[in-house]
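The values are calculated or read from the model by the stated rules, or taken from the named source; none is laboratory data. As the structure is a computational prediction, the values presented were derived from the model and not from experiment. Here the Cβ is made from the backbone with ideal geometry for all residues, glycine too, and neighbour counts use every protein chain on show.
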Amino acid sequence: MPIWIQVLQALLTPAIAIGVGVIAYMQWRTAHQKVVLDLFDRRYRVYQLARDAVGMVARTGNSDREAELAMLEAMEASRFLFGKDVSLYLRQLYMNAVDLEQANFVDRTQSSSRVTEQRSELFKRVTAFYEEAPELFGRYMSMDQKRAPTPAEWLTERNRVRLSYADEKQR
């Protein structure tokens, strides 16, 4: 057998191993990106639940059982998807909604200015969600992962970095 065939046979095994390694890496990156997207979808669902509940309160000016249940569901789902700050925020939002419902009930029966002020303050606290929540939730929902480069793109980038340290630029 000619020597060049033996050399090609010897180089074929490492080439196949490198190809398999590249494919495995790309599959891992794809799976990782899918997990990140799934986590985003779950977190966005919690945000939507809370936003919809606040929307119900904003439309009617009162917190009803449906809105409170949506807030409770968002609060429970946030426990394992977000940090303590979001869970505590949603808990406070729920408590404000419950207090608003009670203040509305008292306002209908007593109609005092102090109760009306309290009701107005609670309504402002609940609807402040629209300004406060995007920043609070956004820390957990940012999609800052980079697209996985192809091997050719990676090699081109590495070559660009290598050329940036060339002797000509150092003179």
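Any chance the stretch 39-53 includes a residue that's without any contact (Cβ under 8 Å) to a residue 24 or more places away in the chain, surrounded by 14 or more Cβ atoms within 10 Å (Cβ to Cβ) and not charged (D, E, K, R)?
The first filter runs over the stretch 39-53 and keeps only residues without any contact (Cβ under 8 Å) to a residue 24 or more places away in the chain, leaving 41, 48, 52.
Of the ones still in play, those that are also surrounded by 14 or more Cβ atoms within 10 Å (Cβ to Cβ) are 52.
Pick out the ones that are also not charged (D, E, K, R) and you get none.
No, because not a single residue in the stretch 39-53 is without any contact (Cβ under 8 Å) to a residue 24 or more places away in the chain, surrounded by 14 or more Cβ atoms within 10 Å (Cβ to Cβ) and not charged (D, E, K, R).
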Query raised in the report: Going through the stretch 65-87 one residue at a time, which ones are free of Cβ contacts under 8 Å to residues at least 40 places away in the same chain, hydrophobic (A, V, I, L, M, F, W, C) and in a helix (DSSP H, G or I)?
Result: Ala67, Leu69, Ala70, Met71, Leu72, Ala74, Met75, Ala77
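Restricting to the stretch 123-171, what's the tally of residues that are among the aliphatic types (A, V, I, L, M), at pLDDT 90 or above and in a helix (DSSP H, G or I)?
3
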Report summary line: Asn62 meets each of (1) outside any helix (DSSP H, G or I); (2) over 27 Å from the mean Cα position of the chain (by Cα); (3) exposed (fewer than 11 other Cβ atoms within 10 Å of the Cβ) with one exception, condition (3)
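Could you identify the single residue in Thr13, Thr30 that is touching a residue at least 12 places away in the same chain (Cβ under 8 Å) and over 30 Å from Lys124 (Cβ atoms)?
Details: Thr13 fails: touching a residue at least 12 places away in the same chain (Cβ under 8 Å).
When all the criteria are applied, what remains is Thr30.
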